[in-house]
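Readers should treat all values here as calculations from the given coordinates under stated rules, not as data from a laboratory. It should be emphasised that the depicted structure is a prediction, and the values quoted were computed from it without experimental measurement. Here the Cβ is made from the backbone with ideal geometry for all residues, glycine too, and neighbour counts use every protein chain on show.
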Amino acid sequence: MISDRLKQIILRQLKLDDFPITAETTAPQVPGWDSLSHVGILAAIEKEYGIRFRTLEVIKFKNVGDLQAAIDKKTPK
Amino acid sequence: MIHLDTNTLLWDRWLTHAGQTPASTAIIHYVAGEEPFVWTWSNLIGRASRYAAILKNAGVRHGQVCGLIIRHHREFYPIYMAVESLGALPAVLAYPNPRLHPDKFRQGLEGMSHRSGLDFILTEQDLEPMVRPLINNPVSTIKSLLFPLDWQTDPIMTSTSAPTTPHPALSPDSPALLQHSSGTTGLQKPVILSHRAILEHVHHYGRAIALTPTDKVCSWLPLYHDMGLIAAFHMPLAAGIPTIQIDPFEWVIAPVLLFDAISSEKATLSWLPNFAYNHMAERIHDDDLADIRLDSIRVLINCSEPVRAASHNRFAERFAALGLNRSALSASYAMAETTFAVTQTLPGREAPWIDADRQSLGEGNFVLVRPNQPSRRCVSSGLPIDGCDVRIVDDRRADLPDGRVGEIAVRSVSMFDGYRNNAEQTAKVLENGWYYTGDYGFRLGREHYIIGRKKDIIIVAGKNLYPEDIEDAVNSAPGIHPGRVIAFGAEDEAAGTEQICIIAETDAATDADRKQVRRGIIEAGMRVDVTIARTYLVPPRWLIKSSAGKPSRSANRDRALSELTPVE
C-alpha cells in the first residue's frame, strides 16, 4: 500500500498533477521518471521524512513498493 | 611515459601484456555491494581465447561486425576481446532502457544494421523476443543471435586452449572496431577505426596526459560511448594499466560509487561528462564520504559536453577536504570520428578559463569582458594533442585568426575513413583530410575554447541526441498538430547540462487539456528513452518557418525562451 504522502512527493518532483501509482509501479512507467530524476525523488523523500537511504538500498529498489517498505522501516509507526 | 608499438594489432598488444605480466591486473569489474572481480591478464586472455573458439564455431569471421548488447557483466570484457581476436569488429550497443518501446528499439537496431552492416548480435536471453524478429526479416543483414553468457557449461570454456592466432590477412590498418558517433537510435553514424588509429591515439593521448605504468583508470562510463570505450577501456588495455569498470546504471543512482572505487583502488585517472560534476557535488551525502580519499587522482578529465566553470568550482569546493587537488581538474575535446581526443589541457594544471564579453562572443569575436557587462566564462579544452591539427574556419572553410569564433576543423593520424555506408554524410564533413566538426569555438594562443554547435544536436548528460528523433516521436502524441513540433536543448545550469524542450502547436485551450497534451508529449519522449523537461504549447501557425518551409529550430527556440512559459 502506497501512502498518499509518498505519492504526492513523487508527483511533485515530476511535476505531474496525477498518475496512478501502486506498489508495483516501476520508474519507467511514470512520465518523466528517469535515473536522474530518480535521484532527486529519493533526496526529496529523505528530506520530507528526515531519513537516509544507504547506497546499496537505493540500488536495489525495484518498484514503488520497495521504496515504501524502506520508508516504513525507517519511520516510527 | 608509456611507449607503444603502433604497428601491430590490438590483440597482439594484449597478448604481449599477458606474456610479460600475466599476473598483473587488467580489469577490475566493480559491482556495488560485491567484492570487486579482478581479471588478470593471463585469465582474461585465456577466457577470451575460449570464447573466440566458440564464436569461430558459430561462424564469426574476420571483417564481420558483431553488435554486443550486454549489461554490465564481468564476462563482457573477454567476449569483446574474443571478437577482436578473430579480426571481427565489435560494436558495443546500448542495452535498451525499460522505458524504450520494443518497436523503437527494434527500429533503431534495424536502422543500425542497415547502416553498420551488423552480422551477429551477441546478447542476453532476455532480449531474444525483441531482437529475433529482426533476424527473421529477409532483408536483415544479421545472420544470427548468440548468447555468450550461456556458454559457461560449454566444454570449450573449461578446456585449456592456446591463445587465438589472428587471421593472417589482418594488418594494423585493418578495421578494429565500429563505434557510433551519437547516442540516438534513428540517425546513428557508424565510424570504423583501425588498429593503428586506436594505438596511435593511445600513444599520442597518453603523452598528452603523461600516462605512466603506475596509472589506474576508474570509469562508470558506458562502453557504447567513445569516451568509455576508447579512453577508459582501450587506452588502459593497450597501455597495460588497470581499468576499474563500474555499472553506469548503479553510478547514476549512487554516484558515490565512483569515489568508493577511486579511493579503495587508488585510481589516478577518470573521464567525466560535465553533468557528472554537478551530479556528484549535489547528490553525494556527506556521511557516505567518511572513508573516502581522493588524493590519488592525478587527472580528472571533463569531456563530451561543453565544460562549465561553475561545475568545476562546485565540485572542487565540495570535495577539497577529501584530498581532491584542484590542479587535477582538466578538460578535453573529443569525438568518435578522430578515435577520441583532439585537444587536452596540460596535466597537473587546472583547465584555464577566461571571461568573454557575451555580446561580442555572440557576434563571433572574443573580447575580454568589460566591467559591469554581461560575460560568459569559457573554459579551455586545451591544446591539440600530437598527431592532431586544429583549424578554426569561417562558413567558406577559410582560416580565422585567434579570437574569432568559427567552426572547428580537425585532422588526425587517428581519423576515421568516413561513415560506413553513408558516402553522402561523409562528403559533407570530410574534405581534403579535414573533418569539419560542426562545433564552434575560438583559439587564443595555444588554448582552444569550444562554445557551441552549428548542428542542432542536444547534449544531455554527455549523450548526443538528434532533435529529429525526438520530434518524430512527439509527432505521435495526442492533441498536437503532426509536423508542427520543435525539439531543442536549453541550458540547465543546476544540472550542468542541457534539458530537452518541446514546442508543439495544439488546439488545446483549457488548462486541463493542455496538461493532458503535455503528459502525452512526455510519454511519447519516454518511448524513445528521452526525458522532456519543458513543454511549450502554442496555437496553430505560431511556429516560425524557415525559407525551406520547415519550422526553424533556432528561431523558434529563441522565441519560446523569450516569450513563453512552459506548461506545468
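Summary of the geometry: region B:403-420 and region B:10-84, compared by the centres of their Cα atoms, lie 32 Å apart.
Farthest towards the positive end of the charge dipole of chain A, among the residues A:G32, A:Q13, A:Q68, is the Cα of A:Q68, using unit charges on the Cβ of Lys, Arg, Asp and Glu. Phi-derived couplings, Karplus 6.51 cos²θ - 1.76 cosθ + 1.60 at θ = phi - 60°, listed residue by residue for region A:6-13: 5, 4, 5, 5, 4, 4, 5, 4 Hz, with x used for Gly and Pro. If the cut-off is a Cα-Cα distance under 20 Å, which aspartates and glutamates reach A:K74, setting aside same-chain residues fewer than 8 apart in sequence? Reachable aspartates and glutamates: A:D4, A:E46, A:E48, A:E57, A:D66, B:D286, B:D287, B:D288.
Among the aspartates and glutamates, which have Cα under 12 Å from the Cα of B:K266 when same-chain residues fewer than 8 positions away are ignored? Answer for B:K266, where 12 Å is the Cα cut-off: B:D215, B:D295, listed by chain and number. With Cα atoms as the point set, the radius of gyration and Dmax of region B:182-289 evaluate to 15.0, 46 Å.
If you wrap the Cα atoms of region B:420-542 in a convex hull and average its projected area over all directions, you get 10.7 nm².
Taking the Cα centre of chain A as origin and assigning +1 to Lys and Arg Cβ atoms and -1 to Asp and Glu Cβ atoms, the resulting dipole is close to 340 debye.
State, to one decimal in nm², a quarter of the convex hull surface area for the C-alpha atoms of chain A, i.e. the direction-averaged projected area.
Projected over every direction and averaged, the Cα hull of chain A covers 4.7 nm².
To check you understand DSSP bridge types, tell me what percent of the beta bridges within the protein assembly as shown (both residues inside) are antiparallel, rounded to 5. Before the final figure, lay out the partial values.
Values: 56 of 89 bridges.
Among the beta bridges of the protein assembly as shown, antiparallel pairing accounts for roughly 65 percent.
Ranked by the mean number of other Cβ atoms within 10 Å of their residues, highest first, the peptides B:202-211, B:149-158 fall in the order B:202-211, B:149-158. In terms of packing, defined here as the mean over residues of other Cβ atoms within 10 angstrom, the peptides B:332-339, B:46-53, B:420-427 line up highest first as B:332-339, B:46-53, B:420-427. The calculated pair-distance distribution of region B:480-566 uses every alpha carbon pair, bins of 10 angstrom beginning at 0, and gives 17, 50, 30, 3 percent. Between B:N57, B:P133, B:P90, the Cα set farthest toward the positive side of the dipole of region B:1-143 (charges on each charged residue's Cβ, about the Cα centre) is that of B:P133.
Only the Cβ atoms of Lys and Arg (+1) and of Asp and Glu (-1) were treated as charged; on that basis the dipole of region B:452-568 about its Cα centre amounts to roughly 340 debye. Can you give me the C-alpha center-to-center distance between region B:496-568 and region B:362-397, rounded to a whole angstrom? About 31 Å separates the Cα centre of region B:496-568 from the one of region B:362-397. Just going by the charge dipole of the protein assembly as shown, with Lys and Arg at +1 and Asp and Glu at -1 on Cβ, which of B:Y466, B:Y30, B:P166 is farthest out on the positive end? Looking along the dipole axis, the top candidate is B:Y466. Amide H contacts of B:A461 (H built 1.01 Å from N, in plane; Pro and chain starts excluded): B:E498 sit under 5 Å, all sequence-distant by 5 or more or on other chains.
Neighbouring Cβ atoms from other chains, within 10 Å of the Cβ of residues in B:246-254, number 4 on average. Among the lysines, which fall within straight-line cross-link reach of B:K455, defined as a Cα-Cα distance under 28 Å, with same-chain neighbours fewer than 8 residues apart omitted? List returned: B:K104, B:K189, B:K428, B:K463, B:K545, B:K550. Computed over region B:95-188, the P(r) curve from all C-alpha pair distances, binned at 10 Å from the origin, holds 13, 36, 31, 19, 1 percent per bin. Calculated on the alpha-carbon coordinates, the convex hull of chain B measures out at 164 cubic angstrom per residue.
Taking amide H as placed 1.01 Å from N in the peptide plane, the amide H of B:I244 sits under 5 Å from that of B:I28, B:V217, B:C218, B:S219, each at least 5 places away or on another chain. Remark: relative contact order (region B:372-527) = 16 percent; criterion is Cα-Cα distance under 8 angstrom and separation of 6 or more residues. Adding -39500 (n - 2.57) for every DSSP H run of four residues or longer, then dividing by how many residues chain B holds, sets the calculated 222 nm ellipticity at -9000 deg cm²/dmol.
Across all directions, the average flat footprint of the convex hull enclosing the Cα atoms of region B:1-116 is 9.9 nm².
Take every pair of alpha-carbon atoms less than 8 Å apart whose residues are at least six positions apart; their mean separation over the length of region B:200-330 yields a relative contact order of 23 percent. Our note on the geometry: Cα centres of region B:308-360 and region B:100-160, 39 Å apart.
Within a 10 angstrom radius of each residue's Cβ in A:27-33, how many Cβ atoms of other chains show up on average? Whole number is fine. Counting other chains' Cβ atoms within 10 Å and averaging over A:27-33 gives 6. When only the Cβ of Lys, Arg, Asp and Glu is charged (+1, +1, -1, -1), the dipole of region B:218-343 relative to its Cα centre reaches about 420 debye. To the nearest ten degrees, helix B:102-116 and the longest principal axis of the Cα atoms of chain B are 70 degrees apart. Highest mean first, the peptides B:346-354, B:214-222, A:44-52 sorted by other C-beta atoms within 10 Å per residue fall in the order B:214-222, B:346-354, A:44-52. Remark: mean inter-chain Cβ contacts per residue of A:46-58 equal 3, using a 10 Å Cβ-Cβ cutoff to other protein chain atoms.
Backbone geometry of region B:496-504 corresponds, through the Karplus equation with coefficients 6.51, -1.76 and 1.60 at θ = phi - 60°, to 3J(HN,Hα) couplings of x, 8, 9, 10, 8, 10, 10, 10, 9 Hz, x marking Gly and Pro. When its C-alpha radius of gyration is set against 2.2 N^0.38 Å (N residues), the protein assembly as shown gives a value of 0.96.
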